[in-house]
Amino acid sequence: MNLTTYIVDDESHAIDIIADYINRTPGLSFSGSSTDPVAALDILTSDHPPGLTFLDIDMPGVSGLELANMVAGKTAVVFITSYREFGPEAFQVNAIDYLLKPISYAAFLKCIHKVQERLSTAAPSGKETGFIFVKGDLKGKYIRIIVSDILYIQSSLHYVDIFLPGEKITTYLTLSELEEKLSVTDFCRVHRSFIVNLKRIKAIEQSQIRLENKELIPIGRGYREEFFRRINPTFLVSQKDNED
C-alpha cells in the first residue's frame with residue numbers, strides 16, 4: 001500500500017526532518033507540507049486529501065488539535081509534539097499515534113508500522129457504514145446496532161454484552177471478534193474484559209474510566225500503556241501549569 005503523506009508544522013526544520021524520513025521509507029510518498037495550518041486546511045479537506053498527515057500540536061493561530069477536528073474523517077493523523085503530556089481534556093480528536101520531538105528515524109518507522117497496521121485492519125462494517133448486525137436471542141434474529149451509540153462492551157463467558165444508552169444486548173461473540181469489526185480510532189481495549197468507546201468517556205479517574213452513563217470501567221495493567229498512548233495526543237494543558 002502506497003500512503004500519501006503531508007506535514008503541517010510551523011518549524012521548517014522539523015518539516016525537513018520528517019520529509020527526509022518519508023522519502024527514505026518504502027510505501028510512503030511525500031505530497032507536500034505547510035508551515036501555516038490555515039493554508040493547509042484547503043489541502044486536507046480537498047477531494048483528494050493525503051492518506052496521512054503529520055500535525056504539530058503547538059502552532060500559532062490554529063493549534064494542531066483544532067486543525068485535526070476540522071479535518072476529521074478526511075485524513076489519518078499523527079501528532080508531532082515537544083511535550084510528553086498535555087493534561088486531561090476531551091477525546092474528540094482521534095489520532096493514530098504521536099511522535100515526540102526530537103524524532104528519531106527508529107521512532108518514525110515504529111509509528112509508520114502502527115499506522116499501516118491500523119489502516120489495513122480497519123473494518124468497513126463499523127467504520128464506513130456506521131452500524132453492525134449481531135445475532136439476537138432468537139434463531140434467525142439479528143439486531144442492528146449503531147456503532148457510535150455503543151458505550152462499552154463487556155465479555156461474559158462465551159458471550160459479550162454490548163451496552164447502549166438504556167439498553168444491553170447480549171450476543172454470542174468474543175471481544176476480539178468485535179474489536180476487529182469496530183473502527184480502531186474510536187474503540188480501545190482497556191481490560192481483558194472491556195472495550196470502551198473513546199468518544200463516550202466522561203473522565204479518567206486514576207485506574208478507572210467514567211463513561212457518559214456514569215459507569216466505571218477498570219483499566220487493566222496490561223492495557224494501560226496503549227490506552228494512554230491513544231488518548232495522550234488529545235490532552236490539553238495550560239502553559240501556566242508548567243510554570244507553577
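The values are calculated or read from the model by the stated rules, or taken from the named source; none is laboratory data. Only a predicted model underlies this, so the values are computations on that prediction, with no experimental measurement involved. Note that each Cβ is placed from the backbone with ideal geometry, even for glycine, and that neighbours are counted across all protein chains shown.
A few remarks follow.
- Residue within segment 6-24 that is of a type in the set (S, T, N, Q) and either buried (at least 18 other Cβ atoms within 10 Å of the Cβ) or closer than 20 Å to residue 120 by Cα (or both) present: no
- Test for residue 200: is it under 24 Å from residue 77 (Cβ atoms), buried (at least 19 other Cβ atoms within 10 Å of the Cβ) and touching a Leu at 6+ places or on another chain (Cβ under 6 Å): yes
- The number of residues in segment 203-217 that are among the charged types (D, E, K, R) and either touching a His at 6+ places or on another chain (Cβ under 8 Å) or surrounded by 14 or more Cβ atoms within 10 Å (Cβ to Cβ) (or both) comes to 2.
- Note on segment 145-174: among residues that are under 20 Å from residue 222 (Cα atoms) and at pLDDT below 90, the one that is surrounded by the most Cβ atoms within 10 Å (Cβ to Cβ) is 174.
- Residue within segment 175-193 that is at pLDDT below 95, in the same structural domain as residue 146 (by TED's automatic domain parsing), of a type in the set (A, V, I, L, M) and more than 28 Å from residue 117 (Cα to Cα) present: no
- Subset tally (residues that are out of contact with any strand residue (DSSP E or B) (no Cβ under 7 Å at 6 or more places or on another chain) and not in a loop (DSSP other than H, G, I, E, B)) for segment 165-192: 4
- Taking every residue in segment 20-34 that is at positive phi and pairing it with any residue that is surrounded by 13 or more Cβ atoms within 10 Å (Cβ to Cβ) and among the β-branched types (Val, Ile, Thr), at least 6 positions away or on another chain, the pairs with Cβ-Cβ distances below 8 Å are 27/112; 32/7; 32/43.
- From 217, 143, 195, 162, residue being in contact with a Gly (Cβ under 7 Å, 6 or more places away or on another chain) and either aliphatic (A, V, I, L, M) or assigned to a strand (DSSP E or B) (or both): 143
- Residue selected from segment 108-141 under the condition buried (at least 16 other Cβ atoms within 10 Å of the Cβ) and of a type in the set (Val, Ile, Thr), by the criterion modelled with the lowest pLDDT: 132
- Residue count for segment 18-56, restricted to those that are closer than 20 Å to residue 73 by Cα and among the β-branched types (Val, Ile, Thr): 4
- Unique match (being at pLDDT below 95 and among the charged types (D, E, K, R)) among 9, 16, 47: 47
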